[in-house]
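Novice: This is the structure I have questions about; it appears just below.
The values are calculated or read from the model by the stated rules, or taken from the named source; none is laboratory data. What you see is a predicted model; the values in this text were computed from it and never measured. Methodologically, a virtual Cβ is constructed for each residue, glycine included, from the backbone with ideal geometry; neighbour enumeration extends over all protein chains shown. For accessibility, only protein heavy atoms count, side chains too; no ligands or nucleic acids. Shrake-Rupley method; radii C 1.70, N 1.55, O 1.52, S 1.80 Å.
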Number of protein chains: 2
Amino acid sequence: MKTVCFLSSILFSLISIMANSQKLTTYVNPFVGTKNMGHTFPGATAPFGMVQLSPETNQVPYAMDGKYNPETYRYCSGYQYDDKTIFGFSHTHFSGVGHSDLGDFLVMPTIGKLNLEPGTTEQPGSGYHSRFSKNTEKASPGFYQVFLDDYGIKAELTSSERVGFHRYTFPKSSASHIILDLMSNIYNYDAKNVWTFVRIEDNQTVTGYRETTGWARTRKVFFAMKFSKPFKNYGRKRYEKVEYNGFYRKFNENENFPEFAGRQIRAYFDFDTNEHEQILVKFALSPTSTSGALKNLEAEIPHWDFDKTKKETEAKWEKELSKIEVETLNENDKRTFYTAMYHTMMSPILYQDVDGKYLDIDQNIHNAKDFTNYTIFSLWDTYRALHPLYNIIQQKRNNDFVKSMLSHARHSVHKALPIWSHYANENWCMIGYHAVSVLADAVAKNTTDADLKTMLNASVTSSNLKYYDGIGEYLTYGYVPEDKSSSSVSKTLEYAYDDWCIAQIAEKLGDEKTKSEYLKRSENYKNVYNPKSGFMHPKLSDGTFKTAFDPMDTHGQGFIEGNAFNYGLYVPQNVPEMIKMMGGKNKFSEHLDQIFTTEIADKYIEKNEDITRDGIIGNYVHGNEPGHHIPYLYNWTNDAWKTQEKVRMIMRKMYSDGEDGLCGNDDAGQMSAWYVFSALGFYPVLPGSDEYQFGSPLVKSAKINLENGKTLNIKTENQSEKNVYVSKIFVNGKEIKNHILKHSDIANGGEIVYVMDRKK
Amino acid sequence: MKTVCFLSSILFSLISIMANSQKLTTYVNPFVGTKNMGHTFPGATAPFGMVQLSPETNQVPYAMDGKYNPETYRYCSGYQYDDKTIFGFSHTHFSGVGHSDLGDFLVMPTIGKLNLEPGTTEQPGSGYHSRFSKNTEKASPGFYQVFLDDYGIKAELTSSERVGFHRYTFPKSSASHIILDLMSNIYNYDAKNVWTFVRIEDNQTVTGYRETTGWARTRKVFFAMKFSKPFKNYGRKRYEKVEYNGFYRKFNENENFPEFAGRQIRAYFDFDTNEHEQILVKFALSPTSTSGALKNLEAEIPHWDFDKTKKETEAKWEKELSKIEVETLNENDKRTFYTAMYHTMMSPILYQDVDGKYLDIDQNIHNAKDFTNYTIFSLWDTYRALHPLYNIIQQKRNNDFVKSMLSHARHSVHKALPIWSHYANENWCMIGYHAVSVLADAVAKNTTDADLKTMLNASVTSSNLKYYDGIGEYLTYGYVPEDKSSSSVSKTLEYAYDDWCIAQIAEKLGDEKTKSEYLKRSENYKNVYNPKSGFMHPKLSDGTFKTAFDPMDTHGQGFIEGNAFNYGLYVPQNVPEMIKMMGGKNKFSEHLDQIFTTEIADKYIEKNEDITRDGIIGNYVHGNEPGHHIPYLYNWTNDAWKTQEKVRMIMRKMYSDGEDGLCGNDDAGQMSAWYVFSALGFYPVLPGSDEYQFGSPLVKSAKINLENGKTLNIKTENQSEKNVYVSKIFVNGKEIKNHILKHSDIANGGEIVYVMDRKK
């Protein structure tokens, strides 16, 4: 049936041409990952924007009957795709994080009798929340809209970097309200709200701030809010028990009194509206002050033209997305790809005012002089592929991320780089001191102009913080003893890798002493290898290995969010040595096979929020980070074709363009960055080096438009769904046989050609 | 017995000569007012200093068994003279205020087994507090010392403007501690502590801040603390229930972990000490940031020389006190006089960092450009005599106070001047908008270079703040109707006076329209005069006067902290008209007599914290402000001699140099300012005018050294204890018969001679 084939080929070409003229933003589906445990959100944000304005579909308490409420975890981003209710639109969200916080400043339009109680999903109509129809919900980069059925209000959201922009289309009503719920939180518990301060500056302008204690223990967010028309009436209700009010018997502070403060406050603003009348709200954030928020508001959105802001933000996204122009086997892949790219730009977020002022970890306000300050560094996740991706397509920003981390270290009482930091707080989440990897990667790829000595000093200090997570013991024993500090093998492996990174910085600086010291430390992984078990194995402080060892278990076996089978392979700095140690290439290849084929039992994963069945292939856990390099490890065996096969399989099984298109938390973009790299056919197994490992591209072709004006063209021959094997790779016409792509070959522009084959 | 007389005269002269060589600071007894309800404190402070470092002798909860604890009122300044225990030394205190707050950063040295519980006075030894012997307690301007019996520790305190300086002399101990209690408060209740953040910067340096909600509802104080020697160990205990800690399972935060945060925290620092070893602590405050506090610390006390700071602060006090050099009938009077002067300089307090940064009412940080920012404005009290006194001896500072108030107005959401403000908060205490009086007085006395138009605008706005305390009704009805707003007569009278002040500013500006409008408003006092009762009388909104009226009662009769008898005479702007209205000079004089002779029944005062028997003569309440002008009103009758008699009597009965030397709250210095003026022989009955009313001097002579370099010499002839009547007054040689002293006669320097007589 050659004719059909020919016709379908023409048809596909036509679609491709049409597709080419189509904006890349149209390929982004912000709902990807909003179902199950992707923990993304569908709301409106500019690339790396401070404001991430998104609907909350539930109000989940942190604890129920005094016990941790597991539902909390499902609502890390405030949104679940299958929910039928919306409680309002708040301005800060983590994207794809496995723990949560934020959810500041929930705004909700309603009509009718004022109800300041949120109500519950179980009882629709029980509070200010509204039911909505899924078919009215639309989301695209920088835009979200939904119709609130309970009130007949169309809600549209867009955003600049620091200012959320709401457009509510009301029905005719003499009782239209916009509620500002200052109690609403993600990870919500009674004491989370520390203090709230609000001023009604005039009948269209509100300013204030809120302090919370959550994952960020000492957190402040300032705001300035402007309405497009004057409210006719306003008020607030204070919910906490007030022992002493502070105001000397004077006011009815509940209504039309222009300042209020307290711990638990909800405010409302009343309007008369005509049929289809639009009320717009601009809502600016600031890390430093209400005056900063007002400045941000005026600088970024001085007008009331919602569509203008929407277009501008779409254009910003288009610009960022067009840094990689891909052609794919089908439209779904293109959507998956650009949504992944989109999700790599949801954090770190901008964290400074337009005038350069920002808050740092010392809780003091500083002026950013030679950089732009960012926050949200989920480093245990993101050093792996996200920051390496930035070193290709966000070099300028990654330099700012590096400098933001150095600022953090400068102002840290520990003088240490961030571990997992957000909003001028360190939450110490997970293990390792992986900021050093980000620094080393930027050094290796020559994308930072930060002072090398400063980088090295901060790295060395971070690596010697004895009270942090077994480092003291690591320094004493050369490994973290399990009886001294749990998750000891994971820690030892990651510290050893991080130490290798520090050695790279030292090398660049020409500091041979530090380099050699840290290269030595980087070999500490050897200290936890047990030749008897054949695994990286928890070791005790007496030098013996833990007995009763189960390499499949993720709990109490020396690992965290992984097991000896998969996490035990974390020696990116010296894969050949690890393979040798573990019995050579063939045995290692078999070990890898086992990972992908040995079905992990439920009992091993049921207590682990971060590992769900969706993200597992055999015992390979793609839904979590420690194994992200694993499929690429075949490259060091005689079975590189398995890397190609596995990465193509993982891309197919673990990603899609649907709301369930992420198999686990996107982890601040790391999962998506893995996809972007893998789809292009290579992956940074060893951040801090200038090398990538070739895998198997999913794209048909790609053009990477670099910030230096150069272009890297990625081409495939014989690319198809089934042709997952790469028979040959040419870089700038030269065949590459060692599976290695050098960063210079990207940075200088040029061409990669993959010759695909159905056979290995 | 002429010889005896002669000898005693020589002796007295000798004493006087000796006295002249004695420093004025030696005449200050900081314990004056610390017994009963003076609400002063004995601790160390620089003139108008931000740090007021003083012992806390009790820890009184705001409520007991859910009910307001009246003991709270006794401890407004944290100290009661008769107490036998000290809980520590904290850095902020109100001086003589009738409500309280503050008490930040309590530092207490102890030895032995660490005990972080304060314990109770009822159980000595039950906590970290210590017993002490009164005879070890010494206080002088800028210095306080005491011996802590329970620990054998000598505690000495001094202070610069922004830095408290502690010197603790320890016994030999391997368990010496310095406790930093971040929970301790004055007006202490559970939710008062909002948040606390602390960093151990190095083994001698601690920084942090504390937020409280008290009388100042949204209050932050930042600190930097330096120890003279490294602590060997440190830690903290967190007392509140912690639902979620924010730190990811990592640390023992209780010991040697260098940052902590929470709502209820006590910290400790451990030392080894040798016998008599001194450990010094410098403790800086800042309204803006910990970096501000560190700057303040380094700028003001860069050394460890406690005695140097003590001397410098003493010299600052000497300089301020020497602005009035008096000779008195006896040494006690001199002590009373200089202690009164001292107490006029405890507030307003400096409220900006050394670099000019300060926090204002909008909770934003601002830069003071052409002024120095101050806080603590107890204006219902202090406009009467304290600010007028500043317009003589603290002109530059009063100009700063005016500008601080204008800054407040500029940043206030109400655009209004302060009512009773402290620490970037408005507590709205008492009635009136008396900042306008301070402005008008500065204008009248030509002591401010603030922009007149700005002053007028802020004043007009303040006077039209309809939601504030009956002003809306005042504007509608021309008086505050009692059925709409309580204390209606007091409010009407004070608003009318304040309006007169605004008219004076308008006049100076040449704004005739505003002047005439406000002169008209200033006559509103007439609207509450009831010719039938012969009193200022609460009026209802229907225009009728309240029936069941008791002019002796202070409750529910249209007055606040006063009654119709005394508070009803508050028409300083037009005393002649008031007298005419009330039946003429003779009847008015009788009314005044009645005030001083009609014993007020207990039932009228028992529910009023601010009026105590100590401060009452008949029905004249000197212990509270509304009557402070009353003794001077005789000047407008035919019985001016009674003014002279009464003011001398009041000075004798209501003031002394002992700890019980104040008959009521010093009210941020107003009581003391009354004394300073009256002792000099004149009083500003009408602040906002350039006139003073002559009374009867208590001093023998005085020399007022003005900031313009000129000198006003006050002399008396025939001055004695019994010669209380003034037969003649000469100002610059010219006899004054109308009882009026013009401000120009002070400001230009010159001479006042009082000729005293035993007979009226």
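Novice: Hey, can you tell me all the residues within the range A:449-465 that are open to solvent by 10 Å² or more (accessible area, probe 1.4 Å) and either modelled with pLDDT under 95 or within 21 Å of A:SER488 (Cα to Cα) (or both)?
Specialist: A:VAL460, A:THR461, A:ASN464, A:LEU465
Novice: OK, next. Kindly indicate the residue of the range A:378-406 that is within 14 Å of chain B (Cβ to nearest Cβ) and not aliphatic (A, V, I, L, M) and also farthest from the chain's Cα centre (by Cα) among those meeting that condition.
Specialist: If we take residues in the range A:378-406 being within 14 Å of chain B (Cβ to nearest Cβ) and not aliphatic (A, V, I, L, M), then A:TRP380 is farthest from the chain's Cα centre (by Cα).
Novice: Within the bounds of the range B:356-367, is there any residue that is more than 14 Å from every other protein chain (Cβ to nearest Cβ), farther than 25 Å from B:GLY623 by Cα and assigned to a loop (DSSP other than H, G, I, E, B)?
Specialist: Checked the range B:356-367: at least one residue is more than 14 Å from every other protein chain (Cβ to nearest Cβ), farther than 25 Å from B:GLY623 by Cα and assigned to a loop (DSSP other than H, G, I, E, B).
Novice: Scan the range A:173-191 and give yes if some residue there is open to solvent by 10 Å² or more (accessible area, probe 1.4 Å) and within 24 Å of A:VAL354 (Cα to Cα), otherwise no.
Specialist: No: zero hits.
Novice: Taking A:TYR73 and the conditions (1) at pLDDT 95 or above; (2) in contact with an Asp or Glu (Cβ under 7 Å, 6 or more places away or on another chain); (3) hydroxyl-bearing (Ser, Thr, Tyr), which numbered condition does it fall short on, given that it satisfies the others?
Specialist: (1)
Novice: Note down all Cβ pairs under 8 Å where the first residue falls in the range B:239-264 and is at positive phi and within 7 Å of chain A (Cβ to nearest Cβ), the second is among the β-branched types (Val, Ile, Thr) and in a loop (DSSP other than H, G, I, E, B), and they're at least six residues apart or on different chains.
Specialist: Qualifying pairs under 8 Å: B:GLY246/A:THR213.
Novice: Of the residues A:TRP420, A:TRP380, only one is of a type in the set (Phe, Trp, Tyr) and touching a Gly at 6+ places or on another chain (Cβ under 9 Å); which?
Specialist: A:TRP380
Novice: Would you pick out the residues in the range B:213-227 that are more than 10 Å from every other protein chain (Cβ to nearest Cβ) and open to solvent by less than 40 Å² (accessible area, probe 1.4 Å)?
Specialist: Once the filter is applied, which keeps residues that are more than 10 Å from every other protein chain (Cβ to nearest Cβ) and open to solvent by less than 40 Å² (accessible area, probe 1.4 Å), the range B:213-227 yields B:VAL221, B:PHE223, B:ALA224, B:MET225, B:PHE227.
Novice: Oh, and also: Among A:TYR479, A:TYR468, A:TYR433, A:TYR474, which is the only one that is among the hydroxyl-bearing types (Ser, Thr, Tyr), open to solvent by less than 10 Å² (accessible area, probe 1.4 Å) and more than 26 Å from A:ASN364 (Cβ to Cβ)?
Specialist: Result: A:TYR474 is the single residue among A:TYR479, A:TYR468, A:TYR433, A:TYR474 that is among the hydroxyl-bearing types (Ser, Thr, Tyr), open to solvent by less than 10 Å² (accessible area, probe 1.4 Å) and more than 26 Å from A:ASN364 (Cβ to Cβ).
Novice: Turning to a different aspect of this structure: Among the residues that make up the range B:393-404, is at least one of them in a strand (DSSP E or B) and open to solvent by 10 Å² or more (accessible area, probe 1.4 Å)?
Specialist: no
Novice: Related question: Does at least one position in the range A:630-646 carry a residue that is crowded, with 23+ Cβ neighbours inside 10 Å and closer than 29 Å to A:ASP82 by Cβ?
Specialist: No, the range A:630-646 contains no residue that is crowded, with 23+ Cβ neighbours inside 10 Å and closer than 29 Å to A:ASP82 by Cβ.
Novice: Another question, if that's okay. Within the range A:565-622, take every residue that is more than 26 Å from A:TYR479 (Cα to Cα) and among the small types (Gly, Ala, Ser) and give me the one that is most open to solvent (accessible area, probe 1.4 Å).
Specialist: Applying the filter and picking the extreme gives A:ALA601.
Novice: Looking at (1) under 30 Å from B:PHE260 (Cα atoms); (2) more than 14 Å from every other protein chain (Cβ to nearest Cβ), which is the one condition that is false for A:ASP441?
Specialist: Against the list (1) under 30 Å from B:PHE260 (Cα atoms); (2) more than 14 Å from every other protein chain (Cβ to nearest Cβ), A:ASP441 comes up short only on (1).
Novice: Taking interchain pairs and intrachain pairs at least six residues apart, which have beta carbon atoms under 8 angstrom, with the first residue in the range B:450-463 and under 17 Å from B:SER404 (Cβ atoms) and the second among the aromatic types (Phe, Trp, Tyr) and open to solvent by less than 10 Å² (accessible area, probe 1.4 Å)?
Specialist: Partner pairs satisfying both residue conditions: B:SER459/B:TYR433; B:SER462/B:TYR433.
Residue-by-condition table, conditions (1) closer than 15 Å to A:GLY49 by Cα; (2) within 11 Å of chain B (Cβ to nearest Cβ); (3) assigned to a strand (DSSP E or B); (4) in contact with a strand residue (DSSP E or B) (Cβ under 6 Å, 6 or more places away or on another chain):
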site	(1), (2), (3), (4)
A:GLU275	no, no, no, no
A:LEU280	no, no, yes, yes
A:ASN296	yes, no, no, yes
A:GLU312	yes, no, no, no
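Novice: Something else: Taking only the range A:647-683 into account, find how many residues are assigned to a loop (DSSP other than H, G, I, E, B), open to solvent by less than 10 Å² (accessible area, probe 1.4 Å) and among the polar types (S, T, N, Q).
Specialist: So the count comes out to 1.
Novice: What number of residues within the range B:697-730 are out of contact with any Gly (no Cβ under 6 Å at 6 or more places or on another chain) and in a loop (DSSP other than H, G, I, E, B)?
Specialist: Of the residues in that region, 14 qualify.
Novice: Answer yes or no as to whether A:ASN115 is away from chain B (no Cβ under 14 Å), free of Cβ contacts under 8 Å to residues at least 40 places away in the same chain and farther than 30 Å from B:VAL198 by Cα.
Specialist: So A:ASN115 passes the test.
Novice: Right, here's the next one. Residue by residue through the range B:742-760, note down the ones that are under 16 Å from B:LEU698 (Cβ atoms) and either touching a helix residue (DSSP H, G or I) at 6+ places or on another chain (Cβ under 7 Å) or assigned to a strand (DSSP E or B) (or both).
Specialist: Across the range B:742-760, the qualifying residues are B:ILE752, B:VAL753, B:TYR754, B:VAL755, B:MET756, B:ASP757.
The rows are residues; the columns are (1) within 14 Å of chain B (Cβ to nearest Cβ); (2) open to solvent by 10 Å² or more (accessible area, probe 1.4 Å); (3) within 22 Å of A:MET225 (Cα to Cα).
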residue: A:PHE31; (1), (2), (3): no, yes, no
residue: A:THR45; (1), (2), (3): no, no, yes
residue: A:GLY49; (1), (2), (3): no, no, yes
residue: A:GLN52; (1), (2), (3): no, no, yes
residue: A:ASN69; (1), (2), (3): yes, yes, no
residue: A:SER90; (1), (2), (3): no, no, yes
residue: A:PRO124; (1), (2), (3): no, yes, no
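Novice: Okay, moving on. Restricting to the range A:176-194, name every residue that is within 14 Å of chain B (Cβ to nearest Cβ) and more than 25 Å from B:ASN193 (Cβ to Cβ).
Specialist: Across the range A:176-194, the qualifying residue is only A:ILE186.
Novice: Please determine whether any residue of the range B:199-207 is open to solvent by less than 10 Å² (accessible area, probe 1.4 Å) and either in contact with a His (Cβ under 8 Å, 6 or more places away or on another chain) or at pLDDT below 95 (or both).
Specialist: For the range B:199-207, residues open to solvent by less than 10 Å² (accessible area, probe 1.4 Å) and either in contact with a His (Cβ under 8 Å, 6 or more places away or on another chain) or at pLDDT below 95 (or both): absent.
Novice: Identify, by number, the condition in (1) of a type in the set (S, T, N, Q); (2) buried (at least 21 other Cβ atoms within 10 Å of the Cβ); (3) closer than 22 Å to A:ALA385 by Cβ that A:ASN446 doesn't meet.
Specialist: (2)
Novice: Please verify whether the range B:259-270 includes one or more residues that are crowded, with 16+ Cβ neighbours inside 10 Å, among the hydroxyl-bearing types (Ser, Thr, Tyr) and under 28 Å from A:ILE560 (Cβ atoms).
Specialist: no
Novice: Here's a follow-up. At least 1 residues that are at pLDDT 95 or above, in contact with a Phe, Trp or Tyr (Cβ under 8 Å, 6 or more places away or on another chain) and over 26 Å from A:ALA435 (Cα atoms) in each: list the helices (runs of 4 or more DSSP H) lying fully within the range A:485-586 that qualify.
Specialist: A:575-581
Novice: Just to be sure, is B:GLU156 among the charged types (D, E, K, R), away from chain A (no Cβ under 14 Å) and closer than 26 Å to B:HIS99 by Cα?
Specialist: For B:GLU156, the condition - among the charged types (D, E, K, R), away from chain A (no Cβ under 14 Å) and closer than 26 Å to B:HIS99 by Cα - is not met.
Novice: Answer yes or no as to whether A:TYR433 is within 14 Å of chain B (Cβ to nearest Cβ), more than 30 Å from A:SER744 (Cα to Cα) and part of a loop (DSSP other than H, G, I, E, B).
Specialist: no
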